[in-house]
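Structure first, commentary second.
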Amino acid sequence: MAAPIRIGDLLRDKGFIGDEHIRYALQVQRVTKEKLGQVLTRTGLVSEYDLVYTVSQQLKLDYVKLDSMTPDYQLLKRFNRNACLAQRVFPIAQQDNEILACISDIPDGKLEQMIVRATGMRPRFVMAEESRVISAIYNYFYFLDNPVEKLLQREVGIIAADTSRTVSPDTLINYILLLAVKQRATDVHLRPMARGIAVAFRVDGVMSNVAFLPPALSRVTTSIKLQAGMDIAEQRLPQDGRWTANLLERRYDIRVSSIVTPFGENVVMRLLSQEKASFSFPALGFLEEDVAILARIFDEPFGILLLTGPTGSGKSTTLVAGLTSLDLLGKNVLTVENPIEYVVPLARQTQVNEGAGYNFSNAMRHFLRHDPDVILIGEMRDEETASTALTAATTGHLVLSTLHANTAIGSIPRLQGLGMDTQLLSESLIGVVSQRLVRIICPHCKEEYAPSQDDLDYLGGAQITKLYRGKGCEACNQTGYIGRTLVYEILVVDRDVREAMERDIELTQLESMAKRKGFRTMYDVGVVKVQQGVTTVEELQRVLGKTRF
């Protein structure tokens with residue numbers, strides 16, 4: 001009989017943790033009675049991806065991205081939700097005479113017996129992160145019994161017919177949010193028109209219309225404002241608000257913003273899942289050869305490391321992944337964010353409160369009195385914050401932050417525009433990561449095709465005989481895409497780059513010099529991902545533009 005797998009030893013042998021991390025986790029385990037792997041991921045010592053991927057390799061099981069997989073609803077009907085939760089197993093599909101089932105831990109005989117009893121067939125296990133398995137169980141079993149699209153239309157009819165206005169729109173709002181969760185939307189838009197209200201979702205960065213509500217439902221806006229703590233009497237000025245909602249056993253921070261249009265108030269709700277940080281660079285989409293570069297610059301003892309890109313490009317997620325890659329047991333980490341999107345248990349996280357006068361710049365002044373090793377600033381947006389960050393970096397602290405700039409090299413004049421002294425900046429800046437998110441081809445309807453000449457021209461004339469795209473299917477809502485991955489560029493500020501910055505050379509010259517040392521642009525990384533069949537030429541053009549970088 002094979003010896004049982006010891007998770008701590010396995011992760012230590014792979015270099016993810018050391019003996020001190022195991023000792024700490026065992027101390028916590030004695031109190032919480034959790035499994036060691038759960039303690040390691042909950043405290044942020046190991047990402048869920050690194051844990052499950054390491055175990056899957058040891059067990060010789062495939063790792064899958066569960067978010068991009070759609071289960072067979074007829075198969076789900078043969079299982080009990082609570083039993084699946086207890087065993088942490090999610091049935092996906094029947095393949096030949098086997099049941100494809102996703103797990104997050106080492107399988108045992110009871111689990112196999114449960115699947116055999118329910119289906120009469122033996123399982124073939126694949127692995128994914130525990131949080132994703134649990135989320136899939138809650139989501140798909142709920143939608144199995146609750147066709148939210150039909151429930152939404154029924155509620156629309158009830159409220160439209162309620163001329164006395166005695167029925168609360170809250171149930172309708174909840175169905176809209178549940179539909180957003182089902183379709184993996186990050187934002188919900190309620191857009192008043194001349195003859196009604198258009199409801200649109202942003203899914204994987206792209207807007208899509210999902211419903212059109214009659215004018216009688218304009219009071220939905222008032223109900224949303226009320227829940228978000230906004231002034232319902234004020235209908236002339238833009239407002240912001242928020243509330244916390246529980247959707248399918250997960251807490252969401254709903255951020256609400258309204259502006260006034262000629263047809264009424266336009267409302268946008270952003271859904272932020274309040275989950276613990278459990279990311280790793282490979283899981284986010286960084287190529288294998290770049291993971292070591294990122295790990296090295298995040299592990300620098302002092303200096304400024306920046307993440308740049310537009311709103312919604314995943315900067316904060318990458319920043320948190322880098323933060324959790326550090327040995328947080330031996331460091332004092334302080335953060336100021338707006339809002340706190342991901343909980344990092346071993347970091348001291350604070351949130352901006354403009355009403356109380358607590359913002360990025362004055363948070364930094366307080367942080368320097370708390371003996372920090374690492375300081376994370378949610379955004380470097382003004383001269384005062386930039387100046388304080390520069391001071392912290394030059395006094396021996398590692399400062400992580402985000403900045404709005406189009407490219408990694410373009411961040412340099414942006415920082416100079418914030419009043420940073422070029423000499424001090426060149427001494428303090430250790431690296432810049434600029435990134436965008438592109439959609440991933442749907443695995444359910446992925447097909448090969450022969451590239452056109454336009455495709456080859458855009459890809460630099462490479463000798464390519466086949467590319468990939470999604471035909472569109474029910475799983476991807478006919479879009480041909482499910483999920484997103486990164487295209488990015490990493491500028492490592494070494495001695496040569498510092499000297500070039502001090503000489504204030506042209507940015508084009510700086511980029512040419514960086515390329516000779518191995519720098520790749522977002523376009524270069526995008527071409528690699530197109531050739532690998534991860535994304536498409538059309539998607540790369542949508543995000544980066546049709547003119548080659």
Of all residues in the range 261-274 being surrounded by 15 or more Cβ atoms within 10 Å (Cβ to Cβ) and β-branched (Val, Ile, Thr), which is farthest from Ser208 (Cα to Cα)?
Val267
Residues in the range 392-423 that are under 25 Å from Ala363 (Cβ atoms), surrounded by 15 or more Cβ atoms within 10 Å (Cβ to Cβ) and of a type in the set (Gly, Ala, Ser): how many?
5
So for the range 378-385 (the condition being under 24 Å from the mean Cα position of the chain (by Cα) and free of Cβ contacts under 8 Å to residues at least 60 places away in the same chain), does at least one residue qualify?
yes
Here's a check for you: in the range 517-533, which residue that is buried (at least 19 other Cβ atoms within 10 Å of the Cβ) and among the aliphatic types (A, V, I, L, M) is farthest from Tyr468 (Cα to Cα)?
Met522
Hits in the range 462-487 - residues which are in a strand (DSSP E or B) and either acidic (Asp, Glu) or in contact with a Phe, Trp or Tyr (Cβ under 7 Å, 6 or more places away or on another chain) (or both)
Leu467, Arg469, Gly470, Leu486
Just to be sure, is Pro91 outside the structural domain of Pro345 (by the TED database), without any contact (Cβ under 8 Å) to a residue 40 or more places away in the chain and more than 25 Å from Gln349 (Cβ to Cβ)?
yes
Name the residues in the range 376-390 that are crowded, with 17+ Cβ neighbours inside 10 Å and under 18 Å from Gly309 (Cα atoms), would you?
Leu376, Ile377, Gly378, Glu379, Met380, Arg381, Ala386
When you scan the range 342-349, do you find a residue that is more than 24 Å from Val28 (Cβ to Cβ) and buried (at least 18 other Cβ atoms within 10 Å of the Cβ), even just one?
no
Filter result for Val543 (within 15 Å of Asn406 (Cα to Cα), not aromatic (Phe, Trp, Tyr) and not assigned by the TED database to the domain that holds Asp421):
yes
Could you list all residues from the range 393-417 that are under 24 Å from the mean Cα position of the chain (by Cα) and hydroxyl-bearing (Ser, Thr, Tyr)?
Ser401, Thr402, Thr407, Ser411
For Pro123, the lone unmet condition from (1) touching a helix residue (DSSP H, G or I) at 6+ places or on another chain (Cβ under 6 Å); (2) in the same structural domain as Leu226 (by the TED database) is (2)
Return the only residue of Val210, Val181 being more than 26 Å from Ala83 (Cβ to Cβ) and touching a helix residue (DSSP H, G or I) at 6+ places or on another chain (Cβ under 9 Å).
Val210
Anything in the range 61-76 that is assigned to a loop (DSSP other than H, G, I, E, B) and either modelled with pLDDT of 95 or more or among the aliphatic types (A, V, I, L, M) (or both)? List them, or say none.
Leu61, Val64, Met69
Restricted to the range 518-549, and to residues that are among the polar types (S, T, N, Q) and more than 17 Å from Gly205 (Cβ to Cβ), which residue is farthest from the chain's Cα centre (by Cα)?
Thr547
Right, Ser280: modelled with pLDDT under 90, surrounded by 16 or more Cβ atoms within 10 Å (Cβ to Cβ) and among the small types (Gly, Ala, Ser) or not?
yes
How do the pairs read when you match residues in the range 196-212 that are touching a residue at least 60 places away in the same chain (Cβ under 8 Å) with residues anywhere that are of a type in the set (D, E, K, R) and not in a strand (DSSP E or B), using Cβ under 6 Å and keeping only pairs 6 or more apart or on different chains?
Val203/Arg184
Please name all residue pairs, on different chains or six or more residues apart, with Cβ atoms under 8 Å, provided the first residue is in the range 457-478 and is without any contact (Cβ under 8 Å) to a residue 40 or more places away in the chain and the second residue is surrounded by fewer than 17 Cβ atoms within 10 Å (Cβ to Cβ) and of a type in the set (Gly, Ala, Ser).
Thr465/Ala450; Lys466/Ala450; Gln478/Gly472
Inside the range 62-89, can you point out the residues that are closer than 20 Å to Val52 by Cα, surrounded by fewer than 16 Cβ atoms within 10 Å (Cβ to Cβ) and of a type in the set (A, V, I, L, M)?
Ala86
Can you tell me how many residues in the range 227-246 are free of Cβ contacts under 8 Å to residues at least 24 places away in the same chain and surrounded by fewer than 17 Cβ atoms within 10 Å (Cβ to Cβ)?
10
Could you tell me whether any residue of the range 354-375 is in a strand (DSSP E or B), among the hydroxyl-bearing types (Ser, Thr, Tyr), at pLDDT 85 or above and surrounded by 13 or more Cβ atoms within 10 Å (Cβ to Cβ)?
yes
Positions within the range 246-280 being more than 23 Å from Tyr175 (Cβ to Cβ), out of contact with any Gly (no Cβ under 8 Å at 6 or more places or on another chain) and either polar (S, T, N, Q) or part of a helix (DSSP H, G or I) (or both), in sequence order:
Thr261, Ser280
Quick check on Ile430: is it in contact with a His (Cβ under 8 Å, 6 or more places away or on another chain), in contact (Cβ under 8 Å) with a residue 40 or more places away in the chain, over 30 Å from Ile482 (Cα atoms) and part of a strand (DSSP E or B)?
no
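The values are calculated or read from the model by the stated rules, or taken from the named source; none is laboratory data. Note that the coordinates shown come from a computational prediction; the quantities given were computed from them, not determined experimentally. Every residue, glycine among them, receives a Cβ derived from its backbone with ideal geometry; neighbour counts consider all protein chains shown.
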